[in-house]
Amino acid sequence: MKVTEHIKQANGKTLFSFEIIPPQKGQNIQELYNNIDPLMEFKPPFIDVTTSREEYVYISKENGLLEQKITRMRPGTVGICASLKYKYNVDAIPHVLCGGFTKEETEYVLLDCHYLGLDNVMALRGDAMKQEKFFLATKDGHKYASELVSQIKDLNSGKYLHEIIETPYNSDFCIGVAGYPEKHLEAPSMDADLRRLKEKVDAGADYVVTQMFFDNKKYFDFVDKARAIGIKVPIIPGIKPIAIKRHLQVLPQIFKLDLPEALVLEVEKCKDNEQVRQVGVEWAIDQAKELITQGAPVVHFYSMGKSENIKSIASAVF
Ligand code: FAD
């Protein structure tokens, strides 16, 4: 079922959902299930599965030189979605990226999703590759998520890359896109970034999931500004519990977001990461409770492959 239908059917009740990361290649999928199992009692209507960018690896050659190869360390997003859908009877949402894929490859990914009965896709540009400073579009791929949304919309109406096929068997994907309550790191201003978000919605996006934030006011302001420029689709807040002391440096560095001073002070007081996790859980519980009181359609958690802290939060809130 579509995310928008889940929200409609919930009739104002806030839903619980989360995002997982595919295992590194060579690892057993059972570990993923072990992390998902404890969260299923909170009845998530959907689970997101990320897609990682490809990266360069260097292979030693006999002549002593290194050969540069490109590989994806966490492949399998669509396969994992299918396994979750049929194992847990839950809607699993693959993240489909511009980066690393030609439009042709994207068409095949979308067809796989359609054949597997996946009703939703999250359309994202993707981050820059680890070795790159800035995002570089793949040759014959998309530069911005809005272009990817248009391709998905086209496919929904039977318009393939090279032909229009008139058939009753088209896909009908519900399309999610990313939004940034503290502005995307490359955007010149908040207003400019919001205009870009509006372009994604105008291209056909059905809902927005936000980047993580730690101060709910940032989300509420973001929703107000989005509504003021005519973005009417559901805006789902994404939150992540702080889990290690290093998050104080890493999260602002990677996502260009601010951590509230009260949270920073609490984390700084912690003697070890067990205490940090507790602070992170309590902070996220307060965030989630307020988001629910203010009528957020869903509270979406970035699990980063660990379910223990998400379970503690969900137990206190849902
Ligand atoms: P876009 O919407 O294309 O925007 C990227 C930047 O370009 C923004 O600064 C925007 O303002 C600007 N822009 C947009 N259109 C134009 C235009 N026409 N002209 C000029 N500027 C423009 N990354 C992954 O690699 N894998 C994942 O699975 C993944 N999942 C995510 C899930 C969520 C909920 C979120 C919030 C992010 C996720 N990301 C993921 C990270 C995301 O890929 C990065 O934040 C990426 O840098 C931007 O993606 P986007 O889809 O928002 O890009």
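The values are calculated or read from the model by the stated rules, or taken from the named source; none is laboratory data. Nothing here was measured: the structure is a model prediction, and the numbers come from that model. Because the Cβ atoms are built from the backbone with ideal geometry, glycine has one as well, and the counts that use them run over all protein chains shown. Just so you know, the surface numbers come from the protein's heavy atoms only, side chains and all, with ligands and any DNA or RNA stripped out. Shrake-Rupley method; radii C 1.70, N 1.55, O 1.52, S 1.80 Å.
Would segment 287-304 turn up any residue that is touching a residue at least 24 places away in the same chain (Cβ under 8 Å), among the aromatic types (Phe, Trp, Tyr), assigned to a loop (DSSP other than H, G, I, E, B) and under 26 Å from Met40 (Cβ atoms)?
No, because not a single residue in segment 287-304 is touching a residue at least 24 places away in the same chain (Cβ under 8 Å), among the aromatic types (Phe, Trp, Tyr), assigned to a loop (DSSP other than H, G, I, E, B) and under 26 Å from Met40 (Cβ atoms).
So if I check each of Glu182, Glu199, which one is in a loop (DSSP other than H, G, I, E, B) and either open to solvent by 20 Å² or more (accessible area, probe 1.4 Å) or more than 8 Å from the ligand (Cβ to nearest atom) (or both)?
Selected residue: Glu182, the only one of Glu182, Glu199 that is in a loop (DSSP other than H, G, I, E, B) and either open to solvent by 20 Å² or more (accessible area, probe 1.4 Å) or more than 8 Å from the ligand (Cβ to nearest atom) (or both).
Residues of segment 1-41 being over 17 Å from Arg74 (Cβ atoms), open to solvent by 30 Å² or more (accessible area, probe 1.4 Å), part of a helix (DSSP H, G or I) and among the hydrophobic types (A, V, I, L, M, F, W, C), which ones?
Ile7, Met40
Restricting attention to segment 48-85, which residues are modelled with pLDDT under 95, within 21 Å of Ile175 (Cβ to Cβ) and of a type in the set (Ser, Thr, Tyr)?
Ser52 - this is the single residue of segment 48-85 that is modelled with pLDDT under 95, within 21 Å of Ile175 (Cβ to Cβ) and of a type in the set (Ser, Thr, Tyr).
All but one of (1) out of contact with any strand residue (DSSP E or B) (no Cβ under 6 Å at 6 or more places or on another chain); (2) aliphatic (A, V, I, L, M); (3) surrounded by 15 or more Cβ atoms within 10 Å (Cβ to Cβ) hold for Leu65; state the number of the condition that does not hold.
Failing condition for Leu65: (3).
Among the residues of segment 214-232, is any within 11 Å of the ligand (Cβ to nearest atom) and touching a residue at least 12 places away in the same chain (Cβ under 8 Å)?
no
Could you pull out the residue among Val177, Val209 that is in contact (Cβ under 8 Å) with a residue 60 or more places away in the chain and near the ligand (Cβ under 8 Å from one of its atoms)?
Result: Val209 is the single residue among Val177, Val209 that is in contact (Cβ under 8 Å) with a residue 60 or more places away in the chain and near the ligand (Cβ under 8 Å from one of its atoms).
Given Lys133, Lys85, Lys139, which one is out of contact with any Ser or Thr (no Cβ under 6 Å at 6 or more places or on another chain), touching a residue at least 12 places away in the same chain (Cβ under 8 Å) and either assigned to a loop (DSSP other than H, G, I, E, B) or within 12 Å of the ligand (Cβ to nearest atom) (or both)?
Lys139
Look through segment 215-247, keep the residues that are open to solvent by 20 Å² or more (accessible area, probe 1.4 Å) and touching a Pro at 6+ places or on another chain (Cβ under 6 Å), and return whichever of them is farthest from Ser312 (Cα to Cα).
Only one residue fits best here, namely Pro234.
How many of the residues in segment 282-318 are of a type in the set (A, V, I, L, M, F, W, C) and surrounded by fewer than 21 Cβ atoms within 10 Å (Cβ to Cβ)?
6
Quick one: Leu257 ticks every box in (1) touching a strand residue (DSSP E or B) at 6+ places or on another chain (Cβ under 8 Å); (2) assigned to a helix (DSSP H, G or I) bar one, so which box is it?
Of (1) touching a strand residue (DSSP E or B) at 6+ places or on another chain (Cβ under 8 Å); (2) assigned to a helix (DSSP H, G or I), only one is false for Leu257: (2).
Yes or no: Leu155 farther than 19 Å from Glu186 by Cα, outside any loop (DSSP other than H, G, I, E, B) and away from the ligand (no atom under 13 Å from the Cβ)?
Against the criterion (farther than 19 Å from Glu186 by Cα, outside any loop (DSSP other than H, G, I, E, B) and away from the ligand (no atom under 13 Å from the Cβ)), Leu155 qualifies.
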